[in-house]
Amino acid sequence: MKKILLVDDEESIHLLYREELEEDGYEVHSALSGEEALEQLSIISPDLVILDINMPGINGIDVLRRMKEIHPQLPVILCSAYQEFKQDLASWASDAYIVKSSNLEELKAAVHKHLS
């Protein structure tokens, strides 16, 4: 079973994404902050990370940079409510950029693409 690390400071996002992704057969682990995500990275060895950008403490762009330094081949999907981050050159290190919405088809398609 492929492992996904979901990093977002909103508990409602965790509930929604976890339910949908577990239904698709993935094992989902949660981190509520960038710091927690970096700790979890070595513990669970995820196959993919879904990462929010706008979080308190270490933001998602800095977490992405650190994750790619440690595991350059690890697929990371940035998932943000803010479209403008897509133009930020730092976000280009991600493997996909998804704008949050209640329709999870785009996110699920990106997850499937990177875990197949």
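Taking the stated definitions as given, is LEU104 closer than 18 Å to SER12 by Cβ and either modelled with pLDDT of 80 or more or within 12 Å of the chain's Cα centre (by Cα) (or both)? Spell out how you get there, then give the answer.
Working: closer than 18 Å to SER12 by Cβ: yes; either modelled with pLDDT of 80 or more or within 12 Å of the chain's Cα centre (by Cα) (or both): yes.
For LEU104, the condition - closer than 18 Å to SER12 by Cβ and either modelled with pLDDT of 80 or more or within 12 Å of the chain's Cα centre (by Cα) (or both) - is met.
Quick grid of which residues meet (1) among the aromatic types (Phe, Trp, Tyr); (2) modelled with pLDDT under 95; (3) more than 14 Å from the chain's Cα centre (by Cα):
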| position | (1), (2), (3) |
| --- | --- |
| GLU10 | no, yes, no |
| ALA31 | no, no, no |
| SER42 | no, yes, yes |
| VAL49 | no, no, no |
| ASN54 | no, yes, no |
| ARG65 | no, yes, no |
Subset of the range 67-101, residues modelled with pLDDT under 65 and outside any loop (DSSP other than H, G, I, E, B), comes to GLN83, GLU84, PHE85, LYS86, GLN87, LEU89, ALA90, SER91, TRP92
Selection from the range 1-49 of residues that are surrounded by fewer than 16 Cβ atoms within 10 Å (Cβ to Cβ) and of a type in the set (S, T, N, Q): SER12, SER42, SER45
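The values are calculated or read from the model by the stated rules, or taken from the named source; none is laboratory data. Model, not experiment: these values are computed from the prediction. All Cβ positions, glycine included, derive from the backbone under ideal geometry; neighbour counts span all protein chains shown.
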